[in-house]
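Novice: Before I ask anything, let me first share the structure, which is written out below as structure tokens.
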């Protein structure tokens, strides 16, 4: 799956606030609801993973978050 056009911009805009970055990430996942399963359990699982990733990468920069989000969450490698 490909990231939506505004995802990078939104992450960079909110970088420094892991809660807002996590919200951007969750919104991105919801944009792909027609391509992935998003039942209640999936939504909880994604929210947890995105929140952890936002916290883990907060000192590494937005590009690290975006790269890992795309690889580990959006395309689940």
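Novice: Given only helices, namely DSSP H runs of n ≥ 4 each adding -39500 (n - 2.57), what is the per-residue ellipticity at 222 nm of the chain, to the nearest 500 deg cm²/dmol?
Specialist: Dividing the helical sum by the residues of the chain leaves -19000 deg cm²/dmol.
Novice: Taking only Cα atoms and a 10 Å spring cutoff, compute GNM fluctuations for the chain and point out the largest among 56, 35, 67.
Specialist: The residue that fluctuates most here is 35.
Novice: Helix 18-31 sits at what angle to the longest principal axis of the chain, using alpha carbons and giving 0 to 90 degrees rounded to 10?
Specialist: For 18-31 against the chain, the angle is about 30 degrees.
Novice: Nearest 10 degrees is fine. How inclined is helix 40-57 to the longest principal axis of the chain, computing both from alpha carbons?
Specialist: In the chain, helix 40-57 runs at an angle near 20 degrees to the longest axis.
Novice: Need one number: nm distance between label points at residue 75 and residue 36, each 7 Å from Cα along Cα→Cβ, rounded to one decimal.
Specialist: 1.3
Novice: Let me ask another. Using a ≥ b ≥ c from the Cα gyration tensor of region 7-74 (square roots of the eigenvalues), is it rounded, prolate or oblate, where a/c under 1.5 gives rounded and otherwise the larger of a/b and b/c decides, a/b for prolate?
Specialist: Values: a/c = 1.92, a/b = 1.69, b/c = 1.13.
The shape class here is prolate.
Novice: Relative contact order of the chain: what whole-number percent is it, with Cα pairs under 8 angstrom and at least 6 residues apart?
Specialist: 37
Taken together, the values in this text are just the output of simple stated rules run on the coordinates, not laboratory data. What you see is a predicted model; the values in this text were computed from it and never measured. FYI the Cβ positions are ideal-geometry reconstructions off the backbone, even for glycines, and counts take in every protein chain you see.
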